[in-house]
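Notes for the one structure printed next.
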Amino acid sequence: MSNNKEKLFSEFQAPTTQEWLDKIQVDLKGADFNKRLVWRTNEGFNVQPFYRREDVLKLKTPESLPGEFPFVRGNKKDDNTWYVRQNILVEDAVEANAKALDILNKGIDSLGFCIPGNKVSAELVSTLLNNIECEYIEVNFSTCQKHSLELVEILKAYFEKKGYDKEKLVGSIDFDPIEKLVMKGKDVLDILEDATKIVEALKDYPYFRCITVNSEALNNSGAYIVQELGYALAWGNEYLQILTEAGMDVDLAAKKIKFNMGVSENYFMELAKFRAARMLWAQIVKQYEPKCDCACKMVVNATTSKYNQTVFDSYVNLLRSQTEAMSAALAGIHSMVVTPFDASYEKPNDFSERIARNQQLLLKEESHFGQVVDPGAGSYYIEHLTDSLAVEAWKLFLQVEEDGGFLESAKNGKVQDVINETNKKRHADAAKRKEFILGTNQFPNFTEKSEGKKGLDGCKKCCSGEEAPFKAVESTRLSADFEELRIHTENTRVPVAFMLTIGNLAMRQARAQFSCNFLACAGYKVIDNLGFKSVEEGVDAALAAGADIVVICSSDDEYAEYAIPAFNYLNGRAMFVVAGAPACMDDLKAAGIENFVHVRCNVLETLKEYNAKLGI
């Protein structure tokens, strides 16, 4: 059988890379290869349309093994299981405990309790953890940073009272005062002093981490993948320096740091991000000369993004979070939180939380994602992305270190400026549809109403209400601008946009569909048509339908014939719009036509302009 295989494959000669390129160039018929097929990513590197074995032979990542330094292939050797986590806001300890016990019976094996600082007490913790066997699940806690040390002491006393085996307790305390500086501009220098005390308090709990890097906050503010990765590494290194400079053993310090990272919609690149993150963090910790390579393992909790969630067509959020969860699961994370699909506009309810849990359980139990370690290993494309992300993130890491470290860069506002500028660019790209938001700026649901829904973009101001001493990250979800416009239209007056389709069948249908999608982004009522024999017939039908806007849809050549007569016959009784950017545009403008919709338009600004003209 092996001889037959050799004979079969000997009949085919493997083409070289140059032969592939020559063939592609022929098929492109003279078009520029780099412009047409090379993806210029926002991450600072190009992605080729194909990769071959020779492209990864020079890389080190394919030589790594699962569970071994530098852990690019994951921290485990035998499986890819992760903790399925759900977070609970503790407003009432009894209710939170009941909810925790309920979801533990529904597939959750990791709990995240968010406790208001003024409620931290031994009594609350005892009530909260009643009948919860902490040796068998992961337990995570977050509270006001000023109360974190107090919470640690209470938890430690509780664990000792219960007689728990310290080796069996897995969990974390979310102590990350630097996040408050970056996101809200708060002065946290005095709180940072608690870091060593918290680690010392939990030094006998080997699997209970207590210093966190919440780079998911950057992800939820629009940061590109390289930015989240590079800053997360510098952020973690800042904490490592603080602890070791205080005289703490590096093995202990490194094993107490946990990363909470976000996951965006870029499927393969997010998968590669976690691989690159583990590899680079291992190299950073290695420079501190730990006694054991196990100290170099990066423990990551991944949370699906809120930045790309939408209020309108919100069930599309399920598709977004599902692919994000797949990226994280395949990348070998420690635990995961799937953000409920309705989190962008309301407090998640039982239904949305159940769906979010089941999204993970489907991947873990039905798709068996928990059984295969690093399935992306060896893929030419994924290995290339891993290496490219690592190279670019390392550049950012080194730049931050040259600027004095992450804390110094945050105090100077450099980190915040970069994230704010990225967020601003992404909003501008969304306005021009360079970045698609399905159901919002592209292919919106024409008939959907907000029904009282409104985006819950959080406040970024200092909690005390005082002027923050440092710069803060200011961000809203990517779709927020379009949602605000659409809700305003809905609450004021919904105009009718009528498609006057005439002439070339293919072009009029294509342009009518484009225009309907364009105008529906603002919540306009759109009326499409099969076609009219004359512009007069079309205008009369539009006015009979109560049209506020008449959009003429035809071919470029035919606009010279139809557009001006239609505009003149309409005679200002409704706004007149030409679908496209025809060669005769200057002639049309000279005749008084001023409104055009086409692919080069800034959709958001155009729709705001139309609202203003219509008095909306």
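The values are calculated or read from the model by the stated rules, or taken from the named source; none is laboratory data. Computed from a predicted structure; not experimentally measured. With ideal geometry, Cβ positions are generated from the backbone for all residues, glycine too; neighbour counts draw on all protein chains shown. Calculation scope for accessible area: heavy atoms of the full protein, side chains included, ligands and nucleic acids excluded. Shrake-Rupley method; radii C 1.70, N 1.55, O 1.52, S 1.80 Å.
Tabulated data for the structure shown
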{"item": "Debye equation applied to the C-alpha atoms of segment 44-197, log10 I(q)/I(0) at 0.08, 0.09, 0.13 Å⁻¹", "result": "-0.37, -0.45, -0.78"}
{"item": "Heavy-atom accessible surface of the chain: percent carbon and sulfur, 1.4 Å", "result": "50"}
{"item": "Separation of alpha-carbon centers, segment 563-602 and segment 80-132, rounded to whole Å", "result": "60"}
{"item": "Angle between the chain longest axis and helix 225-245 axis [Cα atoms, degrees, rounded to 10]", "result": "20"}
{"item": "Descending semi-axes in whole angstrom, ellipsoid equivalent of segment 472-616, from the Cα gyration tensor", "result": "27, 16, 14"}
{"item": "0 to 90° range, to nearest 10: angle between helix 556-570 axis and the chain longest Cα axis", "result": "70"}
{"item": "Under the Debye formula (equal points on every Cα, no solvent term), log10 I(q)/I(0) of segment 22-103 at q = 0.15 Å⁻¹", "result": "-0.83"}
{"item": "Shape call, segment 125-200: gyration tensor on alpha carbons, a/c limit 1.5", "result": "prolate"}
{"item": "Histogram of C-alpha separations across segment 202-273, 5 Å bin width, %", "result": "3, 16, 24, 20, 15, 12, 8, 2, 0"}
{"item": "Viscosity 0.890 mPa s, temperature 25 °C, Stokes-Einstein D of segment 245-324 from Kirkwood C-alpha radius, µm²/s", "result": "168"}
{"item": "For the chain, diffusion coefficient by Stokes-Einstein and Kirkwood Rh (Cα), 10 °C, 1.306 mPa s, µm²/s", "result": "58"}
{"item": "Cα Rg over Rh - segment 508-569, Kirkwood", "result": "0.94"}
{"item": "Per residue accessible area of segment 266-357, 1.4 Å probe, in Å²", "result": "31"}
{"item": "Shape of segment 413-559, Cα gyration tensor, a/c cut at 1.5", "result": "prolate"}
{"item": "Average silhouette area of segment 333-409, convex hull of alpha-carbon atoms, in square nanometres", "result": "8.4"}
{"item": "Rounded tilt (10° steps) of 350-361 against the dominant C-alpha axis of the chain", "result": "70"}
{"item": "Overall form of segment 291-425 per C-alpha gyration tensor (a/c, 1.5; a/b vs b/c)", "result": "oblate"}
{"item": "Computed FRET value (nearest 0.05) for Lys166 with Leu189, which takes r as the C-beta separation and R₀ as 30 Å", "result": "0.40"}
{"item": "Beta bridges by DSSP in the chain, antiparallel share as percent, to the nearest 5", "result": "5"}
{"item": "Packing-based ranking, highest mean first, of 187-193, 484-490 given that Cβ atoms within 10 Å are counted", "result": "484-490, 187-193"}
{"item": "Pairs from Lys77/Lys180; Lys347/Lys411; Lys60/Lys258; Lys77/Lys168 whose Cα-Cα separation, in the structure shown, is over 29 Å", "result": "Lys77/Lys180; Lys347/Lys411"}
{"item": "Euclidean distance of C-alpha centroids, segment 360-431 and segment 250-306, integer Å", "result": "11"}
{"item": "Three principal axis lengths of segment 415-458 [C-alpha, angstrom, descending]", "result": "40, 26, 11"}
{"item": "Relative contact order (%) - the chain, alpha-carbon pairs under 8 angstrom, separation at least six", "result": "13"}
{"item": "Residue-wise HN-Hα coupling along segment 600-615, computed from phi with Karplus coefficients 6.51, -1.76, 1.60 (Hz; x: Gly, Pro)", "result": "8, 6, 7, 4, 4, 5, 4, 5, 5, 5, 5, 4, 5, 5, 8, x"}
{"item": "Gain upon complete extension [Leu59, Asp403; 0.36 nm per residue less C-alpha separation]", "result": "120.9 nm"}
{"item": "If the convex hull is drawn through the Cα atoms of segment 148-285, its volume per residue in Å³", "result": "115"}
